[in-house]
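What follows draws every value from the coordinates through simple rules; no lab data is involved. Not measured: the values here are computed from a predicted model. Backbone-built Cβ (ideal geometry, glycine too); neighbour counts: all protein chains shown.
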Amino acid sequence: MPPKKSKTDGEEKAKPLTTASSRVTRSMGRRTRSETQQNGAKAAGSASTPVKVASPKKAKRKKPAIETGKAKKGKKEDEAVEEVEKEAEEETEAEPEPEVEDPTKTKIVIEHCKQCNAFKTRAIQVKEGLEGAVTGCTVTLNPEKPRRGCFEIRKEGGETFISLLEMKRPFAPMKALDMEQVIEDIIKKIK
């Protein structure tokens, strides 16, 4: 430490308080810039030894071999893995044939934009209403990528019940619809 400074005008200058963090850094062999500036040049008799300073970057942790898949597997584990893979292949080969489409069922497609939840809530409301009221009615929501600002209800491959296209915010034409009335009109047209 440097020698104490002399008193000036009868007042003693306050020493800077050392904090626990500064004590810890000094005990670990590191010094801050401010400490080296306060202490000035090193004493002539002291030997200069380089101090290894740890980098501030966090050291990357190695993942266990199990997570990376590089672990050595025993013969039993290899056999078990092969059996599971064979079973999975057999299941994919023996998949049931897709259901034969029943021509008597009515298929309705609801295309709604994903820009706002108002579209989705109305589409779900129509879907639940139609499936509950009409037996043998299948309603699908967005079988293909929907158009922007679109709310359309149509029979698959045929008649269109409602078609609101290229709506801009705040989607007034769609919000003005009475959804209960729309559901009733569609039910009448289906039957």
>> I'd like the full set of residues that are among the polar types (S, T, N, Q) and either crowded, with 20+ Cβ neighbours inside 10 Å or more than 15 Å from Lys189 (Cα to Cα) (or both), limited to region 108-137.
In response: Gln115, Asn117, Thr121, Gln125
>> For region 168-181, give me the residue count where each residue is touching a strand residue (DSSP E or B) at 6+ places or on another chain (Cβ under 7 Å) and free of Cβ contacts under 8 Å to residues at least 24 places away in the same chain.
In response: 1
>> I'd like the full set of residues that are under 23 Å from Lys105 (Cβ atoms) and either surrounded by 13 or more Cβ atoms within 10 Å (Cβ to Cβ) or among the basic types (Lys, Arg) (or both), limited to region 157-171.
In response: Phe161, Ile162
> If you check Lys145, Lys188, Lys114, which single one turns out to be outside any strand (DSSP E or B) and over 37 Å from the mean Cα position of the chain (by Cα)?
Replying inline: Lys188
